[in-house]
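Inspection log for the structure reproduced underneath, given as structure tokens.
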Amino acid sequence: MDTIIQHFYEKITSELEKEVENIFIEGKVDITQVINTVKDNLDELGCSIVKEFLERCDTKIKESKERKKHWVVQQKGMKKTLITVFGEVKYFRVYYKSKGDKGFTYLLDDIVGIER
């Protein structure tokens, strides 16, 4: 998570510095452009945080002793795209097979309430 925030900080700092330089080059800056730059970067950060959250949860599920009692890994690295207020979040999750008669499922999606 710290890596995501550090990357975001460096990127937004660099982009805003360009806008500050425009003040000296052009004698003014377009505040709408600054706002759009900040919004785009915040949306990107939001997508990155949601992706990180989902994939960490999926890892915890996969490592869970309780999960291992009832479900076996069927396939790893299954891609999913989730539409959010930040934009598209593309993440990977594990597909499971029930040891009983519950069929197949993505436990992560079930637990966090993502519809199929």
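Observations
- Pairs from the table (K11/K65; K65/K102; K11/K62; K51/K97; K11/K76) lying more than 28 angstrom apart at Cα are K11/K65; K11/K62; K11/K76.
- A Förster radius of 41 Å combined with the Cβ-Cβ distance from D43 to F104 puts the calculated FRET efficiency at roughly 0.80.
- Alpha carbon convex hull of the range 2-112, volume per residue in cubic angstrom: 97 Å³
- Taking the Cα centre of the range 2-112 as origin and assigning +1 to Lys and Arg Cβ atoms and -1 to Asp and Glu Cβ atoms, the resulting dipole is close to 1320 debye.
- Secondary-structure-derived ellipticity at 222 nm for the chain, considering helices only, amounts to -20500 deg cm²/dmol, per-run term -39500 (n - 2.57) for DSSP H runs with n ≥ 4.
- Label positions at V112 and C57, each projected 7 Å from the Cα along the C-beta direction, are separated by 0.5 nm.
- Most fluctuating residue given options V73, V29, V89, as computed from a GNM of the chain linking Cα atoms under 10 Å: V29
- Full extension of the chain between K28 and H7 gives 4.8 nm of extra length, using 0.36 nm per residue less the Cα-Cα distance.
- For the range 104-116, 3J(HN,Hα) per residue [Karplus equation, 6.51 cos²θ - 1.76 cosθ + 1.60, θ = phi - 60°, Hz, x = Gly/Pro]: 10, 6, 9, 4, 4, 4, 4, 5, 8, x, 8, 6, 6
- Residues in the range 33-58 that a label on E15 would reach, taking backbone N under 13 Å of a point 7 Å out along Cα→Cβ: 33-48
Rule-based calculations on the coordinates, nothing more; no lab input. In this text, all values refer to a predicted model and were calculated from it rather than measured experimentally. Every residue, glycine as well, gets a Cβ built from its backbone with ideal geometry; the counts of neighbours run over all protein chains shown.
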